Amino acid sequence: MSLYLVEHFYSIQGEGRYVGSPSLFFRFGGCNMKCAGFACSEIASDGTSVIGCDTVYAVNKKHFSHNWANVESAATLISIFESYDLPSRKVDVVFTGGEPLLYIESSVLIEFMEYLVHNGHRITFETNGSINIDFEKYSIYKNAVFALSVKLSNSEEPYTKRIQPSVINNIAVNAKDAFFKFSIDEQSINIGLDEEIEEIISYSSTTEVFCMPLGGSKEDVEKNALPLIEYCKSNGFNYSDRLHIRIWDQNKGV
């Protein structure tokens, strides 16, 4: 199975439970969703405006294939990791995308995870929570943390595609740790958001909830932040800013 790497960079975690933590990101290409409702746009090299999430360049291979590198061995990923001048303290390693769990059966990814776990690094998967994992067959995943960014109706993905109760519960029960992370805009707060989120978190009722403002630019994040903070205060959820966008706006790989 081919594993496509779109980019890698050393920065800080910008959202969720570990916001601010020094993290080495590996962004893999491909996703089982398009999330056109997020309405973020990216201009491809041929001038086409591609609509989707804020990392549509890691979703749409057709228009951004020049950024997708086919990785055929774990040694390549290990070499990339070791090329960074990292501090002596163990930094976090974040697998993101796209949807990194498209590669759950990849021997390349599994071997790389084994290397990271052996060397004491925390691994976090940023996933949409729709792809199941056989934790008994692939036990290395029990050592990972999962940020369950389950998509809401504002993604415009079909309900039956984005909501997988058994998958959510399986990951939350078997992973080293897990937390929910929802992308929310001001408009969604006023159209039944409570019912959507309550249903999703009922599939793992003890899992912590983080809500972050939807947006691929600093302007969008700031527009949605204050209404979302009030929403979190009313519902007892954790507010998560999108620190990387606040600082670097739409710049990538920082």
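The values are calculated or read from the model by the stated rules, or taken from the named source; none is laboratory data. Just so it is clear, the structure is predicted and the values come from calculations on it, not from any experiment. Heads up, the Cβs are rebuilt from the backbone with ideal geometry, glycines too, and the neighbour counts pull from every protein chain shown.
Contact annotation: residue pairs with Cβ atoms under 6 Å, 6 or more positions apart or on different chains, pairing a residue in the stretch 227-254 that is within 13 Å of residue 181 (Cβ to Cβ) with a partner that is among the charged types (D, E, K, R) and modelled with pLDDT under 95, are 240/15; 242/15. If you go through the stretch 195-253 and keep only what is more than 14 Å from residue 184 (Cα to Cα), surrounded by 13 or more Cβ atoms within 10 Å (Cβ to Cβ) and β-branched (Val, Ile, Thr), you end up with 200, 201, 207, 245, 247.
Of the residues examined, residue 138 is one that is more than 20 Å from the chain's Cα centre (by Cα), of a type outside the set (Val, Ile, Thr) and closer than 24 Å to residue 93 by Cβ. In the stretch 145-160, the residue that is nearest to residue 34 (Cα to Cα) out of those that are touching a Lys or Arg at 6+ places or on another chain (Cβ under 6 Å) and part of a loop (DSSP other than H, G, I, E, B) is 157. For the stretch 80-91, indicate whether the set of residues that are touching an Asp or Glu at 6+ places or on another chain (Cβ under 9 Å) and assigned to a helix (DSSP H, G or I) is non-empty. Checked against the condition, which is being touching an Asp or Glu at 6+ places or on another chain (Cβ under 9 Å) and assigned to a helix (DSSP H, G or I), the stretch 80-91 yields no hits at all. The set of residues in the stretch 100-129 that are crowded, with 24+ Cβ neighbours inside 10 Å and part of a loop (DSSP other than H, G, I, E, B) comprises 128, 129.
Within the stretch 139-158, take every residue that is more than 19 Å from residue 98 (Cα to Cα) and not aliphatic (A, V, I, L, M) and give me the one that is surrounded by the most Cβ atoms within 10 Å (Cβ to Cβ). Residue satisfying both the conditions and the ranking: 143. For the stretch 57-90, the tally of residues that are closer than 20 Å to residue 181 by Cβ and either in contact with a Leu (Cβ under 7 Å, 6 or more places away or on another chain) or surrounded by fewer than 16 Cβ atoms within 10 Å (Cβ to Cβ) (or both) stands at 0.
To keep it simple, each residue is scored yes or no on (1) in contact with a helix residue (DSSP H, G or I) (Cβ under 9 Å, 6 or more places away or on another chain); (2) crowded, with 21+ Cβ neighbours inside 10 Å; (3) assigned to a loop (DSSP other than H, G, I, E, B); (4) small (Gly, Ala, Ser).
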{"residue": "18", "(1), (2), (3), (4)": "no, no, yes, no"}
{"residue": "26", "(1), (2), (3), (4)": "yes, yes, no, no"}
{"residue": "32", "(1), (2), (3), (4)": "yes, no, yes, no"}
{"residue": "37", "(1), (2), (3), (4)": "yes, no, no, yes"}
{"residue": "42", "(1), (2), (3), (4)": "yes, yes, no, no"}
{"residue": "46", "(1), (2), (3), (4)": "yes, no, yes, no"}
{"residue": "50", "(1), (2), (3), (4)": "yes, no, no, no"}
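The single residue among 173, 167 that is more than 28 Å from residue 39 (Cα to Cα), without any contact (Cβ under 8 Å) to a residue 40 or more places away in the chain and of a type in the set (Val, Ile, Thr) turns out to be 173.
A single member of 51, 12 is under 23 Å from residue 219 (Cα atoms) and under 16 Å from the mean Cα position of the chain (by Cα), and it is 12.
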